[in-house]
Number of protein chains: 2
Amino acid sequence: MPERARLFTQDDLSDGGVVELTANQAHYLRNVMRFQPGETVTLFNGRDGEWRGRVAALGKVRGQVEMEVRTRRQRDEPDLWLLFAPLKRGPMDILVQKAVELGASRLLPVLTERVNSTRINTARLTANAVEAAEQCERLTIPDISTAVSLGEVLSGWPAGRHLWICAETGASTPVGEAFGGGQIGGADAILVGPEGGFVNNELDVLNKLPFVTAVSLGPRILRAETAAMAALACYQAVLGDWRLPPRAELDQ
Amino acid sequence: MPERARLFTQDDLSDGGVVELTANQAHYLRNVMRFQPGETVTLFNGRDGEWRGRVAALGKVRGQVEMEVRTRRQRDEPDLWLLFAPLKRGPMDILVQKAVELGASRLLPVLTERVNSTRINTARLTANAVEAAEQCERLTIPDISTAVSLGEVLSGWPAGRHLWICAETGASTPVGEAFGGGQIGGADAILVGPEGGFVNNELDVLNKLPFVTAVSLGPRILRAETAAMAALACYQAVLGDWRLPPRAELDQ
């Protein structure tokens, strides 16, 4: 039976340790969830697994939780970046929420030629990511990077990381076939273009790079956030942690 | 180069034929898109492929388009139903839009034990589906069924159609492995449960049925609409029309 609340903390989690709640968390537990001291919550920090803790003190803007027992151990997660051109607020919120659920390890906004917006509210993206991770029982928060141009990303591309680009035009490999040729447990990244797609020059540059594979996502024209979700899901199914038995079995 | 507008019509589409615009379509072309008679639009009806037509007359609440040339032929699409428990308005809108993009052939709301809402606005679902199909260049609109109980759906289940259920608890097969054992070109359905999941009794009933396979979507707890999108994407990649070359090649 899950606890009534699951919270991300920056603090260390260890047997008998005490976690300081943020002002937002104290407000949420006290005023939204009507918690009383003595009730239990679930905590995770991306490093020490998942813990059950007991609320020791709860004020308007502060509170403390005492760790009781570790309920899940930290596990390796797929090393899968999602690179995306910034979208409008609604689709961007959806994209971030779903990318967290679907297990992207890093979210990296990339400025392409046709990008609609260059204003990125990193604090908002981070808050969305934390909330999604709390909800979906993930053990980590993805890194949220500041936006960079496509050229910068490519010129500093790390050795050994493969880049799968979702391309609606030009030569490409069906996504299942493409990921089927990938490396399980490898370092990967998925790039989805802006509304309107990449310009030809961008595709030319991308397709000449030795670490790039263009994948196709079928005959319909997907919105950018749909393409991102679809590619992440297919990746997890073929190369990622959806190949494993469901969590209930792993945690036993 | 796509036309500026792409519209779904109930009318037949044939060489030299004339299509009557609906009041909404006339309003959209005239007042939103500022069309003038003589400009061209794209039309589809789910039967006769995709056509380019020329606006012959355009009033405030009516208009006519004359067919000029068929630009794409009708093609078979995967026979893939999506069964889902009704969600709140926001997630339901997302689910319908994405299910259309991802190629579900029929959307069937199913009332489960833990369902949040039994009020389903079929007109709203249909309008969302039409808009999504117009946008994603799909050649059909999925059927939108009226809601039925899970028991009714199962007791009237059609012979030869396989049902893949997205289950967070109980025994299940990783989604890639499960679909890998499916039949390409077969009749299929995906069922996602409500927020809160199926009750045990529902899972017991489902898992005893010979046409049911429970699939798992990894270690994180996905929202219902995320699970639906993820399962549809994986299906299309493994068994559906994402196995094919991208559309540009098919249309040549």
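The values are calculated or read from the model by the stated rules, or taken from the named source; none is laboratory data. In this text, all values refer to a predicted model and were calculated from it rather than measured experimentally. Here the Cβ is made from the backbone with ideal geometry for all residues, glycine too, and neighbour counts use every protein chain on show. We work out accessible area using only protein heavy atoms, side chains counted, and drop any ligands, DNA or RNA first. Shrake-Rupley method; radii C 1.70, N 1.55, O 1.52, S 1.80 Å.
Shape call for the stretch B:6-72 from the C-alpha gyration tensor, a ≥ b ≥ c root eigenvalues: rounded (a/c under 1.5), prolate (a/b greater than b/c) or oblate?
Prolate shape, in that a/c is at least 1.5 and a/b is the bigger ratio.
Of B:61, B:148, B:215, which has the largest mean-square fluctuation in a 10 Å C-alpha GNM of chain B?
In this elastic network of chain B, the residue with the biggest mean-square fluctuation among B:61, B:148, B:215 is B:61.
Explain nothing, just the number: dipole magnitude of the stretch A:119-252 about its Cα centre with +1 on each Lys and Arg Cβ and -1 on each Asp and Glu Cβ, in debye rounded to the nearest 20.
For the stretch A:119-252, the charge dipole is close to 180 debye.
What gaps in nm, shortest first, separate residue B:204 from its twins in the other copies when you place the label 7 Å past Cα toward the beta carbon?
6.6
Read phi for every residue in the stretch B:210-216 and hand back ³J(HN,Hα) as whole Hz from Karplus 6.51 cos²θ - 1.76 cosθ + 1.60, θ = phi - 60°, with x for Gly and Pro.
Calculated HN-Hα couplings, in order: x, 9, 10, 10, 8, 10, 10 Hz.
List every residue whose amide H lies under 5 Å from the amide H of residue A:85, counting only residues 5 or more places away in sequence or on a different chain, with H placed 1.01 Å from N in the peptide plane.
Amide H neighbours of residue A:85: A:110, A:192.
How would B:162, A:27 line up by accessible area, probe 1.4 Å, largest first?
These residues rank, largest area first, as A:27, B:162.
Under a 5 Å amide H to amide H cut-off, with H placed in plane at 1.01 Å, what residues pair with residue B:187 once short-range neighbours are removed?
B:162
So, for the stretch A:99-195, what is the accessible surface per residue at a probe of 1.4 Å, expressed in square angstrom?
That works out to 41 Å² per residue.
What are the distances, in nm and sorted shortest first, from the label point of residue B:155 to the label points of the same position in each other copy, with each label point placed 7 Å from Cα along the Cα-to-Cβ direction?
6.9
Tally Lys/Arg at +1 and Asp/Glu at -1 over every other residue whose Cβ is under 11 Å from the Cβ of residue A:112; what's the total?
Residues close to residue A:112 contribute a combined charge of -2.
About the Cα centre of the protein assembly as shown, how large is the charge dipole given +1 on each Lys and Arg Cβ and -1 on each Asp and Glu Cβ? Please answer in debye to the nearest 20.
Dipole about the Cα centre, nearest 20: 1120 debye.
What does the net charge come to around residue B:138 if you take all other residues with beta carbon closer than 9 Å to its beta carbon, with K and R at +1 and D and E at -1?
It works out to a net charge of -3.
Ignoring ligands, DNA and RNA and using a 1.4 Å probe, state the total buried accessible area between B and A in Å², rounded to the nearest 100.
In total, this chain pair buries about 3400 Å².
I want the local charge near residue B:129. Using Cβ-Cβ distances under 12 Å, sum +1 for each Lys or Arg and -1 for each Asp or Glu among the other residues.
Neighbour charge sum, excluding residue B:129 itself: -1.
At a 1.4 Å probe radius, carbon and sulfur cover how many percent of the accessible area of chain B?
It is 47 percent, rounded to a whole number.
Using only DSSP helix segments of four residues or longer, with each worth -39500 (n - 2.57), what per-residue ellipticity at 222 nm results for chain A after dividing by its residue count and rounding to 500?
-8000 deg cm²/dmol, from helical runs alone.
Using only Cα atoms and rounding to the nearest 10 degrees, what angle (0 to 90) does helix B:122-135 make with the longest principal axis of chain B?
The angle comes out near 60 degrees.
Per-residue accessible area for residue A:72 at 1.4 Å probe radius, Å² rounded to 10?
20
Label the stretch B:141-230 by shape, choosing from rounded, prolate and oblate, from the square roots a ≥ b ≥ c of the eigenvalues of the Cα gyration tensor; if a/c is under 1.5 it is rounded, and otherwise prolate applies when a/b is larger than b/c, oblate when it is not.
rounded
Residue by residue through the stretch A:217-232, what is 3J(HN,Hα) from phi via Karplus (6.51 cos²θ - 1.76 cosθ + 1.60, θ = phi - 60°)? Round to whole Hz and write x for glycine and proline.
10, x, x, 8, 8, 7, 4, 4, 6, 5, 4, 4, 4, 4, 5, 4
Springs between alpha-carbon pairs under 10 angstrom, Gaussian network model over chain B: which of B:171, B:159, B:230 fluctuates most?
With Cα springs under 10 Å in chain B, the top fluctuation among B:171, B:159, B:230 is at B:159.
Just B:57, B:132, B:233 to compare: in a GNM of chain B, with alpha carbon springs under 10 Å, which one fluctuates most?
Greatest mean-square fluctuation among the candidates belongs to B:57.
Along the stretch A:40-46, what does the Karplus equation 6.51 cos²θ - 1.76 cosθ + 1.60 (θ = phi - 60°) give for ³J(HN,Hα), rounded to whole Hz, x for Gly and Pro?
My calculation for the stretch A:40-46 gives 10, 10, 9, 10, 8, 9, x Hz in order.
Taking a 1.4 Å probe, which of A:208, B:60, A:98 shows the most accessible area, and what order do the others take after it?
Final ranking, largest accessible area leading: A:208, B:60, A:98.
Along Cα-to-Cβ, 7 Å out, sits the label point; list in nm, shortest first, how far the one on residue A:123 is from those in the other copies.
Label-point distances to the other copies, shortest first: 4.3 nm.
Enter the mean number of other protein chain beta carbons within 10 Å of the beta carbon of each residue in B:234-241, as an integer.
Per residue, the average neighbour count from other chains is 6.
In peptide A:207-220, what is the residue-averaged number of other protein chain Cβ atoms found within 10 Å of each Cβ?
So the per-residue partner count for this stretch is 5.
Provide the solvent-accessible area of residue A:134, counting protein heavy atoms only and rolling a 1.4 Å probe, rounded to the nearest 10 Å².
The accessible area comes out at roughly 40 Å².
Rg to Rh for the stretch A:1-132: what is it, with Cα atoms only and Rh by Kirkwood?
1.04
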